[in-house]
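Let me begin by presenting the structure, written as structure tokens, before commenting on it.
Please treat every number below as a calculation from the coordinates, not as lab data. This is a predicted model, so every value here is computed, not measured. Counting neighbours? That spans all protein chains shown, and the Cβs are built from the backbone with ideal geometry, glycine included.
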Amino acid sequence: MLASFDFFIRYACIGQLLLLAALFLQHSAEKKVPFIARCIPILLAICFAAFLLLTAPFTPRPQGLARHILLWLTDATPFFLWWCGQRLFDDNFKIRHWPRWSLIALGGLALWHTYYFLVLGGHGPYHDLNHLFGLVIMVHLIVSVVSSWRDDLIEQRRIARAWLISLLALYFVMLSVVELSNSGLNRNQIFMLATSILCLMGSTVIAVMMFNHRTAFTQLTNHAPQTTPATGELQRLSAVDAELYERLKTFIDDHGYLQPNLTITHLAAQLNCPEHHLRKLINHRLGYTNFAAFLNHYRIAEACKRLKNSPLPVLIIALDVGYGSIAPFNRAFKDITGETPTCYRSKVSEPDSSRHHQQANQHV
């Protein structure tokens, strides 16, 4: 009886995962999402389906090449989950910006993973080591999602963080502990049924969040960030939000964004408003998806002016515009302008040097 119910839950979850993959593929094609970014969530859904098939109470269990393929996909699940989590919650996550050596190492690891599971069948100490590595990257995903939670300006995505952490990341922590303990609990019928129910709950939550987040994300970020809303948009603001926007505009005009260690909580306190109202205003009306992007937009614009007009060292300018050190300033500057502060200063100072040189020649 338990086995029949377990099979029903697993197949229902697999069907739901494949449906979500098809819907995501359609939506990403409409939004012209890059090919690799389009494939990763689909591969994640396939990996979860493989896990459900591999751990199902079959008698006998899949053997030969079928088992190798299911095992290969199952053990790759934490890596694809980490990738999807980073893409969903980190607006600056771009694997193409990684150092070349890290991309080469990642490619080598993928080849070894494929050889180990498809050719060697997953026999050997690397299997346990892979579980340990999966546990480490799940912990890293939890830490990164939690650390950037407060900066997130999209309410639906903030809710999705809590659900994904509790239903997916913690599940992988539990699974990794069970696998590493060699207790045999993963073969217990009740445990297998519990995991299939948890997977169905997770896929259901993901489905709900996907539809809510997709609608919100399309509406809120389908335009470039702007510093002032259009007149029509201002007219649709409530009286409270319109007053808050005026206070925010005054804050920006007074260069309040140059304050070091400024957070959304500190800004809400200075503007004397609830934090969620401020998040909604910045997200809906200015188009920013996280608070760091909002600050960087104004800080880097101010830094560009100072790099052009001031002889101060780059480090001093970085500290003056609100950054605690040079590293985050350099990253933000390059993300926005496409070049380093030093290169930018050299470029904008060249016309002035050429002009002074021409004037000197004319006097001679």
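All other residues whose Cβ lies under 14 angstrom from that of H68 are scored, Lys and Arg at +1 and Asp and Glu at -1, for a net of +1. Listing S144, S4 from fewest to most neighbouring C-beta atoms within 10 Å gives S4, S144. Need the C-alpha centroid separation for the range 253-286 versus the range 70-102, integer Å. Going from one Cα centre to the other spans 32 Å.
For each pair in K94/K334; K280/K305; K308/K347, compute the distance between the two Cα atoms and list the pairs where it is over 21 Å. Before the final figure, lay out the partial values.
Details: K94/K334 13 Å; K280/K305 30 Å; K308/K347 9 Å.
K280/K305, as the Cα separations exceed 21 Å there.
Exposure proxy for R61, R161: other Cβ atoms within 10 Å of each Cβ, ordered fewest to most, give R61, R161.
Backbone amide hydrogens, once placed in the peptide plane, bring N290 within less than 5 Å of L153, excluding anything fewer than 5 places away on its chain.
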